[in-house]
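The values are calculated or read from the model by the stated rules, or taken from the named source; none is laboratory data. Because the structure is predicted, anything quoted here is derived from the model rather than measured. Reconstructed Cβ throughout: ideal geometry from the backbone, glycine too, with neighbour counts over all protein chains shown. For accessibility, only protein heavy atoms count, side chains too; no ligands or nucleic acids. Shrake-Rupley method; radii C 1.70, N 1.55, O 1.52, S 1.80 Å.
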Amino acid sequence: SMPDFEATIEVLIAEGDWAATRVLHTGTFENEWVMNGEAIPANDDVISWSAITLHRFDENGLIIEDFTAFDMLDLLIQMNAAPIPDALALLIGTREHYPAVMGETAATDMLDANETAFTEIIERGINNGDFSAMETYMDEGYGLHEPFGDFNREQFVAVIAGFRAAVPDLHVTIDAVLREGDWIGTRLIYEGTFSNSIDLGAI
């Protein structure tokens with residue numbers, strides 16, 4: 001589909017039997033792409049998307065399991081194949097790519113402090129609704145880049161507040177954590193009952 005396809009590793013962290021990567025994929029969509037039995041016609045555009053993957057290894061150093069997340073809607077919009085009206089796809093537009101850069105190796109006490117900060121945001125902030133955790137552990141210039149949009153710290157808190165209102169019994173479980181340099185890679189499991197509507201206008 002993309003003869004000039006290239007994958008570039010932007011972030012790679014490893015700890016124990018886990019590794020985490022953020023990989024940028026780029027290529028010119030010159031030939032049809034068959035996905036789940038459906039052929040998507042080429043549009044000759046250069047497209048790009050980032051994927052974040054947790055890789056689990058066995059005792060022989062072989063990858064035995066991957067957990068991958070990426071913005072599928074953005075990819076389909078770039079391929080002119082999004083399952084939404086063209087006008088809405090045009091309104092949403094394609095996402096800007098924010099490069100990720102690995103920092104210097106951190107001392108163990110700094111890695112521990114980073115994990116504590118992250119855990120406090122999940123446990124106090126998201127699970128218990130104590131949003132002071134975000135002010136304590138997130139920089140004023142914090143930026144969140146995800147499929148729903150780009151958010152600063154205050155907007156992130158508003159998103160979580162809205163989500164907690166819609167899912168009052170929301171609980172996030174930290175399933176895996178790995179640390180290296182100035183990065184933390186995690187696998188989070190969100191659970192709860194979607195009991196109330198979400199007011200997107202309040203976010």
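Could you order GLU96, GLU115 so the one with the most accessible surface comes first? Probe is 1.4 Å. If you can, show how the numbers build up before the last one.
Working: GLU96 120, GLU115 60 Å².
Largest accessible area first, the residues go GLU96, GLU115.
Scattering from the range 127-203 was approximated by placing one identical point on each alpha carbon and applying the Debye formula without solvent; log10 I(q)/I(0) at 0.12 1/Å stands at -0.39. Could you point to the residue in LEU75, ILE174, GLN155 farthest towards the positive end of the chain's charge dipole, with +1 and -1 charges on the Cβ of Lys/Arg and Asp/Glu respectively? The Cα lying farthest towards the positive end belongs to GLN155.
Where the accessible area of the chain is counted over protein heavy atoms with a 1.4 Å probe, how much of it, in %, is carbon and sulfur? Ligands and nucleic acids excluded, carbon and sulfur reach 53 percent.
Accessible surface calculations at 1.4 Å, restricted to protein heavy atoms, place the chain at 60 Å² per residue.
Computed from the alpha carbon atoms alone, the convex hull of the range 1-135 holds 188 Å³ per residue. Ranking ILE126, ASN196, MET138 by how far each Cα lies toward the positive end of the dipole of the chain (charges on Cβ) leaves ASN196 at the top.
Entry note, the chain: the mean residue ellipticity at 222 nm calculated from DSSP H runs of n ≥ 4, each adding -39500 (n - 2.57), is -6500 deg cm²/dmol after division by the residues and rounding to the nearest 500.
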